[in-house]
Amino acid sequence: MTQTPPTGPYGPGRRPVLAEHLPTTPSLPHPIPEAPTVNAGSARTRRTAGTALALILPLAALAACGGGSGAGTTAEKGSGTGTITVWAHQGQASEAAAVQNAVKSFNASQDKIKVELTLIPDSDYTKTITATDASKLPDVLEFDGPTMANFVYNRKLAAIDTYVSSTTMANATDAIKAEGEIDGKHYGLGMYDSGLGVYGNKKLLDAAGIKYPTGVKNAWTAAEFTAAVKKLAAGDPDGKSLDLQESGGFANEWGTYGFAPLVWSAGGALLKDGKAEGALDTPAVAAALKTFQSWKQYTDPNTDQNAFAKGRVALSWVGHWMYPAYSKALGDDLVVLPMPDFGKGPKTGQGSWAWGIGANTKNAKAAGAFLDSLLNDANVAAMTTANGAPPGTKSALAKSALYQRGGPLQLFADQLAEPCGDSRIDTSCVAVTRPVTAGYPTVTAKFSQALSDVYGGADPKTALAKAARAIDQDFSDNDGYKLP
């Protein structure tokens, strides 16, 4: 059933985050169709890329101030029967079909609960949630992972632990649970996850006599990765050997998702104990960004989105979502490599769309029952077949032809099996959650701008110090974005 979602004001006491605190152009090198498309592959592959990853974050739409004081809203358990409303983003056609089929199957499987589904276009989705008063939000809603804390801050999401079954919670991967957790409570669970890697052209690597890593445990060091880039470039007609998906720029969510792993691998953090100074602007992080800066002369601008697929470069720094296009182009010459190690172990980003319960629902018991069904193996398998993403449940992941042990994308599953969360980032883990804070729009805007500036020639130490000061000032102005 398709409905028009209600809209409304931010609510009493709310004010929107100032525009200068937010990324103004949330476009990526692998976007959904509303943004410039700059990656290889068919229209379906491009759609899969952006939608599966959920990196196109309309963060400027978030109303992040004024929601942190006072007690949070508590969902009402309700009878567990009757009609509940569900909102989901309208991704590629096959993703939308997977959600619609999940709803249809649930409705047909029992007669106590009826789900009414509303699909909202990608470009309007987060803005719609933000502009809708909490009392008018649905019983169940989907959201971009990094926006979760903001919605909790603004009392739009309820903790789901009491309402989903222990079986559902236990079956979620540790990385998915880390993304959805705040102070020991879970506000969301995802059907799928995401991850980064370096795709390699085996033919070109072998021709250059370059030995490459086979897994996370023997990842290249940053120096080894740079040496490989230089050696490959030396034998290349145009001196370019690397694709960083730079054609969309780095002052956006791709800059943060794609390259915050350099910060984490160097022992730094975007935030530590609510502060950026002393975490983001360390000498080790500055050195890591200096190395990143040095890669520019060997990087193909990739304006035609085919630098790697057409063999112009041997290495492509991107995520799981490019596998369909790259596999089709390279066949058996495609290898998947871990991120380089800048001193504290290789790191990758993670996280994607998740599902939660509206804070003002009057029927959380029914909402939880629907989430239990939505996150079963059949529905997770249907969704991840549609978008190619790593399954967000242990059982579906183990059965995935792509991600299971011995599968072509096992590396991504191995990385996600060692989650750090957003605060315990050390050599014992690999997959890092972007900071779970209502102030995330400021964090990503300032860091990605610093990254872009460094790539353009700015001094890393100066750029990082400027970003850290701006982040900390914003957090100070907003009382640390303390959650209810």
Inset, instruction - Could you work out the local net charge near LYS211, counting Lys and Arg as +1, Asp and Glu as -1, over the other residues with Cβ closer than 14 Å to its Cβ? - result: 0
Inset, instruction - Compute the convex hull volume of the Cα atoms of the stretch 365-484, divide it by the residue count, and report the result per residue in Å³ as a whole number. - result: 174 Å³
Legend entry - Whole-percent carbon and sulfur share, accessible surface of the stretch 236-369, 1.4 Å: 48 percent
Inset, instruction - Order the peptides 436-442, 130-136 from the highest to the lowest mean number of other Cβ atoms within 10 Å of their residues. - result: 436-442, 130-136
Legend entry - Net charge, ALA366 excluded, C-beta distance under 10 Å - Lys, Arg +1, Asp, Glu -1: +4
Legend entry - Taking N as its residue count, the alpha carbon Rg of the stretch 284-435 over 2.2 N^0.38 Å: 1.26
Legend entry - Alpha-carbon radius of gyration plus Dmax, which is the widest Cα pair, for the stretch 402-471 in Å: 16.1, 46
Legend entry - Kirkwood Rh, Cα atoms: Rg over Rh of the stretch 255-365: 1.10
Inset, instruction - Taking every pair of Cα atoms in the stretch 176-333, average 1/r, invert it to obtain the Kirkwood radius, and report Rg/Rh to two decimals. - result: 1.00
Legend entry - Pairs beyond 21 Å (Cα-Cα), from LYS136/LYS362; LYS394/LYS482; LYS275/LYS461; LYS290/LYS347; LYS202/LYS347; LYS156/LYS177: LYS394/LYS482; LYS202/LYS347
Inset, instruction - Could you state the accessible area per residue of the stretch 91-134 in Å², with a 1.4 Å probe and every protein chain left in place? - result: 41 Å²
Legend entry - Accessible area of the stretch 307-401 divided out per residue, in Å², using a probe of 1.4 angstrom: 28 Å²
Legend entry - Sequence ranges 245-257, 471-483, 139-151, ranked by mean other-Cβ count within 10 angstrom, highest first: 139-151, 245-257, 471-483
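The values are calculated or read from the model by the stated rules, or taken from the named source; none is laboratory data. All values derive from a computational prediction rather than experimental measurement. Positions of Cβ are generated from backbone atoms using ideal geometry, with glycine treated the same way; all protein chains shown enter the neighbour counts. Ligands, DNA and RNA are excluded from the accessible area calculation, which covers all protein heavy atoms including side chains. Shrake-Rupley method; radii C 1.70, N 1.55, O 1.52, S 1.80 Å.
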